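The values are calculated or read from the model by the stated rules, or taken from the named source; none is laboratory data. Everything quoted here is computed from the prediction, not taken from an experiment. Neighbour counts run over all protein chains shown; Cβ positions are idealised from the backbone, glycine included. Just the protein is used for accessible areas: all its heavy atoms, side chains included, with ligands, DNA and RNA removed. Shrake-Rupley method; radii C 1.70, N 1.55, O 1.52, S 1.80 Å.
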Amino acid sequence: MNLSVRNQLAIGAGLVFLMILTREYHFSYLHSLPGASWAIFFLAGLYLRSIWPLAGLFILALTLDFSSYTWGGVGNFCLTSSYVFLLPAYSALWYAGSWYARCYKFEWQTLLPLSLSLIIGAVVCELFSSGGFYFFSGRFEETTLIEFGQRLVQYFPYYVVPLFFYILI
């Protein structure tokens, strides 16, 4: 998939705008929109050839989260030292999109690699983001792999459904 620099810039701007609109707790009147962060990082890997948008989008996410805590009155429950685990989590989605971009052809057969890249990217992202938070945030007194597994089963669908929703759009 070879896009011109102009098209990549337009897609990048659209992804930034989508993150600003859908990052949790920033616009209360848009609260019913599902968060698009996972899809944004996957699509950035798919459409944007440079790795720099990965860093830029991560900094944007950090800025939005920190500003919602600082000026928006949102609690700091998720802003712990475990926040650094979002970098490998989002990188996994970016890499999954980048890998799929190398496999892409305008044919039905590429739906299988697309599905695999989405599922693997989402699972790795969830393991880093939720695992990092569960084990390293200090918010849980006793951590066990069994309880973490139960939390994965409980919360993973809440993250993967918006990913598939935005990718389908």
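Of the residues 42, 148, 17, ranked by 1.4 Å probe accessible area with the largest first, the sequence reads 17, 148, 42. Only protein heavy atoms count here; on that basis, with a 1.4 Å probe, residue 155 has an accessible area of about 90 Å². Summary value for region 66-169: 30 percent relative contact order, contacts being C-alpha pairs under 8 angstrom separated by 6+ residues.
Multiplying the residue separation of residue 140 and residue 21 by 0.36 nm and subtracting their alpha-carbon distance yields 39.8 nm. Screening the chain for whole DSSP H helices with an alpha carbon extent of at least 18 angstrom along the helix axis and a mean Kyte-Doolittle hydropathy of at least -1.0 yields 5-22, 52-70, 86-103, 111-136, 145-168.
A probe of 1.4 angstrom, applied to the heavy atoms of all protein chains, finds residue 59 with accessible area near 100 square angstrom. The Cα atoms of the chain cover 49, 37, 28 Å along the three principal axes, with the biggest extent listed first.
Accessible area per residue was computed with a 1.4 Å probe on protein heavy atoms; residue 86 scores about 30 Å². When the GluC sites (Glu not before Pro) in region 86-169 are filtered for DSSP coil states and for at most 11 other beta-carbon atoms within 10 Å of their beta-carbon, the remaining sites are 107, 141, 142. Ordered by 1.4 Å accessible area with all protein chains kept, 151, 139 run largest first as 139, 151.
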